[in-house]
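The structure appears below as structure tokens.
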Amino acid sequence: MKSRIASSLVVALLLWAIPSVAQNGTQGAGQAPKAAGSPASSASQNQSQPSAGTQQEAPTAKAAQATPPPKSTPPRGKKAEAPVDDAFVIGPDDVLAIDVWQEKELSERVDVRPDGKITMPLINEVQAAGLKPTELKEVLEKALAKYVTDPHVSVIVDQINSRFVYISGEVNKPGILPLVRSTTVLQALTLVGGPNQFANTKKIYVMRTVNGKTVKYPFDYKRALKEGPGKDDIVLQPGDTIVVP
């Protein structure tokens, strides 16, 4: 009788213990703790949080797209102006820079035609050859006064193509010399480096066309050097040729 009671108690204890063990085993399998330093945990954190480098690069890329590249400005070249004096007379083929103050549409760079005229807006053809720049300025201002209130005009000789002298023979730089201002033979020879070592300075002369005929004017180079420009020096005219044998 006692053995039966003992067996019944053992069976009861086993039945009570089995569900408890089974429940603990299920909880342990489903809720396994993660290690703080495990690779899976680190990878998960790295994927969920953006890196510092990514956060810094994004604004830079946006700023580069938002800021337009600087526009390049072509360099402006300096305008070439022929240094002429007040006595200079405009001739055919010269180039003039005409500026009308506060009137850009009327300001132009014009060529003097072979007939000596230029063409300007509003006033059409104007005689320019034979006039000094200051004289042409007055002519243009008077003509423009019909269309512009109190016009102010400036005339600059940009290129001289009508006044040249020719220097040939035994000089250091033979060629063509523009007559920018009143120039003598001695001054012209100085501009081209003077006669060279083979020159016969006693035989220098100037050829000039007078009334359709060629005239020779002898030039005393040594005397001009000694006394300087004077009455014996020759003032050159357009088309003259200096010959240094």
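The values are calculated or read from the model by the stated rules, or taken from the named source; none is laboratory data. Quick caveat, the model's predicted, so the values are computed rather than measured. Every residue, glycine as well, gets a Cβ built from its backbone with ideal geometry; the counts of neighbours run over all protein chains shown.
Points worth noting:
- Residue within region 102-112 that is hydrophobic (A, V, I, L, M, F, W, C) and closer than 27 Å to Thr183 by Cα present: yes
- Filtered residue count, region 97-140, keeping only those that are of a type outside the set (Gly, Ala, Ser) and either assigned to a strand (DSSP E or B) or on the phi > 0 side of the Ramachandran plot (or both): 17
- Ala129 being among the small types (Gly, Ala, Ser), at pLDDT below 90, surrounded by 13 or more Cβ atoms within 10 Å (Cβ to Cβ) and in contact with a strand residue (DSSP E or B) (Cβ under 9 Å, 6 or more places away or on another chain): no
- Selection status of Ile176, modelled with pLDDT of 95 or more and among the hydrophobic types (A, V, I, L, M, F, W, C): no
For (1) touching an Asp or Glu at 6+ places or on another chain (Cβ under 7 Å); (2) surrounded by fewer than 16 Cβ atoms within 10 Å (Cβ to Cβ); (3) at pLDDT 90 or above, each residue gets a yes or a no:
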{"residue": "Asp86", "(1), (2), (3)": "no, yes, no"}
{"residue": "Asp94", "(1), (2), (3)": "no, no, yes"}
{"residue": "Val100", "(1), (2), (3)": "no, no, yes"}
{"residue": "Arg113", "(1), (2), (3)": "no, yes, yes"}
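- Residue match in region 125-146 (condition: assigned by TED's automatic domain parsing to the domain that holds Lys104, within 16 Å of Gln102 (Cβ to Cβ) and of a type in the set (S, T, N, Q)): no
- Search result, residues across region 133-161 that are free of Cβ contacts under 8 Å to residues at least 40 places away in the same chain and among the acidic types (Asp, Glu): Glu135, Glu138, Glu141, Asp150
- Number of positions in region 141-159 that are in contact with a Leu (Cβ under 9 Å, 6 or more places away or on another chain) and either surrounded by 19 or more Cβ atoms within 10 Å (Cβ to Cβ) or part of a strand (DSSP E or B) (or both): 7
- Screening Glu108 with (1) modelled with pLDDT of 95 or more; (2) in contact with a strand residue (DSSP E or B) (Cβ under 8 Å, 6 or more places away or on another chain); (3) of a type in the set (Asp, Glu) gives one miss only, at (1).
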